[in-house]
Structure formats: C-alpha cells, structure tokens
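The values are calculated or read from the model by the stated rules, or taken from the named source; none is laboratory data. What you see is a predicted model; the values in this text were computed from it and never measured. Using ideal geometry, Cβ is built from the backbone for each residue, glycine included, and neighbour counts are taken over all protein chains shown.
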Amino acid sequence: TAPSRLDPSCTTLTKFIFAEENRIWQSTGELTRLLNSIQMATKSVSALVRRGGVSHLFTHAIGKQKETKRKAIANEIFINMLISSYSVGVIVSEENPKPLEVDRDHRGKYIVAIDPLEGLPDVDCNTAIGSIFLILDKGDDNLPTAQDVLFEDNQITAAGYALYGSATTLVMSTGEGVNSFVLDTEIGEYIMTESNLKMPKKGNTYSINEGYTSSWDDLVKNYVNAKKFPHSGKPYTARYVGSMVADIHRTLKHGGIFMYPANKEHPHGKLKLLYECKPMAFIIEQAGGLSTDGTRSILDVKPREVHQTTPIFLGSTNDVREFLGLASKSV
Ligand code: AHG
C-alpha cells in the first residue's frame, strides 16, 4: 500500500555525513571525507564477505588460512580507503603489528584504529562478523605520527561498526548520539533506520562464553549465578554468538550485559582496547549504557600498548551497575 505520505527526510549515510559537517564540525571537510571513505570500505568488505564462499576465493584455503586471507583483504581495503581520504595521519590495525604512518602526500589530522574483519573464530559457519573503527584527534595542528597513538589526551571524534549479518548494518556516533543505517544493496547506499538510538536501561540477557567458567574470578561467577538462579523473578536468557560485533549489537538493541572477563587463557582479557573495546564502549555510552573494565569506564583506560587487551563488561546501565555493585562488595 502506498505510504500515507512521502517521507522526504529519507536519510542516507552520505546525506547524514554532509549534514553533520555543516551542522557541528568546523567543516574542513576532513571528517566528511574520512567517514565517507569508511562507509565505502564497509560496502566493499560486505561484498567480499558475501561472495567469499561462492567466488572460489577461498576454495584452496582451509580453516585458519581462509580466515587469514579474508582478514588480509579486508585490511587492504580499509587501509587504501583511509589513505585515499587525505584525512588520516596514522592507522592502527589489528592486522598490522605496528602503526602505519600515512605518506606525506596523503597525510591528514586523524588517527584511525580499525579491526577490519572481526569475529571469525568460527570461519565458514556463516556467522555474522563485523568491522570496527575508532577515530581519534590529538587536538593540535601538528599532523599525528605513530608516537601519538598512545597520547593519553587523544579525543574520540567518532566510532562505529559494520555488522555483516542477514543485512549489512552500520552503527556510528560522532559524539552526538548513535545512529543506525542499513545497506540497501539495490542502490548501494546506507539508509538511516534509527536516529539517536537509546538502549534499554535494563535487559534480561547476559552474554559471556561459559566455557571459561572454571577460570572466572568469584565476582563474575557470582554475577552469572545470580542471573541464572535469581532470588526472585525470572532467570536471564543466555545469548553468546562468539562474534563481538554481533553480541554487542544485540546488547545495544535489546539491552542486557556483554562480558569478556580475564580468564586463564587471556589473563588480561582477549578483546583489544583500541580498536574493539573503546569503539564499542563509545557507542554503548552514547546510547545511554555503561562500560567498564571492572574498575573504570573503558573510555578512561589509558592505552600503554597498541594491541593491549582489556577485560570488558558493557551494556544496560542497571545491569552494569548491578555487576559493579557486586564488584564493590567483593573487595
Ligand atoms: P578474533 O579476533 O580471533 O576474530 O576473535 C573474535 C573475538 C570476538 O569477536 C569475540 O567476542 C571473541 O573473540 C570470542 O572469543 P571466545 O571464542 O574465546 O569466546
């Protein structure tokens, strides 16, 4: 049936980015070029992921080789798009051991940290996977160098992720709330589906890999038990995909808590601070939720090393506060 009225405000991500440039940024155009380059990279990686199985790109690769190949191609796509935006000075990627300083001709003011393709432990199971990005500004007029990546006063200009699931969804914040877009593959544009998205104050889902129960500290064990065997009310539901972007997107939309604590295999946590935890914490906190490493907001954790990991607990305000309340009791 025809819509009751045409919706002239049908917003694409491209329109949104240009509108934001005029609305809030000192419009040098660098952030506009950068965000448009990132959206282009996610469209290209989405096509790579969706054709991966049928394009015989991986038929001769097996298991880990498939994962490595797919990650390497996604990394190259992102790096090329970031360099061609003329807005980036340094790129940190999960796939590169050291930060990449962009050549002088292309260098711009931003530091960008990326996980180009994340969530692949179960390669070949058609599990939803994603790309994550963090845009940092060192806040002065000098172009950034590799040493500035760990500069503790770097400010987060924007962060977001693309989720390659049943649809390709891009969720992003420039510090003025969270907006969500879905890729319309017919026209090759991301269409805005949610503006200023706010997450539920409390959920009924906990998300953690219970295979590590034996190596959790008592705080995590007591919290998860309290969710499974409450004194009153219904138990929480357990949901764990094992793909960070998928697990956190569900938490953002439906509420609850996502946890990747330290365990025997990962004594400092498994998830990477700069290009996995900080971007996700930025999104969750912009949507009205909370994040913590157990003692402070993930956004307040100072990176000491580019590929540093951290324990992470994030989600609905009331759920994270309940977890922290237990934490304060446990000291
Ligand atoms: P990778 O970085 O090797 O792709 O691993 C994915 C991450 C993240 O997506 C997910 O939350 C976590 O690993 C799952 O790890 P476990 O299998 O240890 O639960």
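Evaluate segment 294-309: report whether one residue or more is surrounded by fewer than 23 Cβ atoms within 10 Å (Cβ to Cβ), within 17 Å of residue 208 (Cα to Cα) and among the hydroxyl-bearing types (Ser, Thr, Tyr). Yes: segment 294-309 contains one or more residues that are surrounded by fewer than 23 Cβ atoms within 10 Å (Cβ to Cβ), within 17 Å of residue 208 (Cα to Cα) and among the hydroxyl-bearing types (Ser, Thr, Tyr).
Residues in segment 71-97 that are more than 12 Å from residue 116 (Cα to Cα) and in contact with a helix residue (DSSP H, G or I) (Cβ under 7 Å, 6 or more places away or on another chain) were compared, and the one that is surrounded by the most Cβ atoms within 10 Å (Cβ to Cβ) is 88. Residues in segment 296-322 that are away from the ligand (no atom under 16 Å from the Cβ), touching a residue at least 24 places away in the same chain (Cβ under 8 Å) and more than 23 Å from residue 93 (Cβ to Cβ): 316, 317, 318, 319, 320, 321, 322. Each residue in segment 166-212 was checked for being of a type in the set (A, V, I, L, M) and within 16 Å of the ligand (Cβ to nearest atom), and 2 pass.
For (1) charged (D, E, K, R); (2) surrounded by 15 or more Cβ atoms within 10 Å (Cβ to Cβ); (3) outside any strand (DSSP E or B), each residue gets a yes or a no:
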| residue | (1), (2), (3) |
| --- | --- |
| 132 | no, yes, no |
| 140 | yes, no, yes |
| 147 | no, no, yes |
| 187 | no, no, yes |
| 202 | yes, yes, yes |
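Out of curiosity, is residue 156 buried (at least 20 other Cβ atoms within 10 Å of the Cβ) and either in contact with a strand residue (DSSP E or B) (Cβ under 7 Å, 6 or more places away or on another chain) or not aliphatic (A, V, I, L, M) (or both)?
Answer is no for this residue.
Going by the conditions given, is residue 259 closer than 25 Å to residue 91 by Cβ and not β-branched (Val, Ile, Thr)?
Values: closer than 25 Å to residue 91 by Cβ: no; not β-branched (Val, Ile, Thr): yes.
Taking the combined requirement at face value, the residue does not satisfy it.
For segment 71-88, the condition holds for at least one residue, the condition being that it is part of a strand (DSSP E or B) and either β-branched (Val, Ile, Thr) or more than 22 Å from residue 242 (Cβ to Cβ) (or both). Would segment 78-90 turn up any residue that is under 29 Å from residue 179 (Cβ atoms), out of contact with any strand residue (DSSP E or B) (no Cβ under 8 Å at 6 or more places or on another chain) and either at pLDDT below 85 or within 16 Å of the ligand (Cβ to nearest atom) (or both)? No, every residue in segment 78-90 fails to be under 29 Å from residue 179 (Cβ atoms), out of contact with any strand residue (DSSP E or B) (no Cβ under 8 Å at 6 or more places or on another chain) and either at pLDDT below 85 or within 16 Å of the ligand (Cβ to nearest atom) (or both). Can you name the number of the only condition in (1) touching a helix residue (DSSP H, G or I) at 6+ places or on another chain (Cβ under 6 Å); (2) assigned to a loop (DSSP other than H, G, I, E, B); (3) away from the ligand (no atom under 13 Å from the Cβ) that residue 230 fails? So residue 230 meets the others, but not (1).
Scanning segment 248-275 for residues being within 15 Å of the ligand (Cβ to nearest atom) and under 17 Å from residue 178 (Cα atoms) gives a total of 5. Considering only residues of segment 224-247 that are farther than 26 Å from residue 178 by Cβ and of a type outside the set (Gly, Ala, Ser), which is surrounded by the most Cβ atoms within 10 Å (Cβ to Cβ)? Among them, the one singled out is 224.
Return yes or no: is residue 133 among the aromatic types (Phe, Trp, Tyr) and free of Cβ contacts under 8 Å to residues at least 24 places away in the same chain? It would help to see each step written out before you state the result.
Working: among the aromatic types (Phe, Trp, Tyr): yes; free of Cβ contacts under 8 Å to residues at least 24 places away in the same chain: no.
No, not satisfied.
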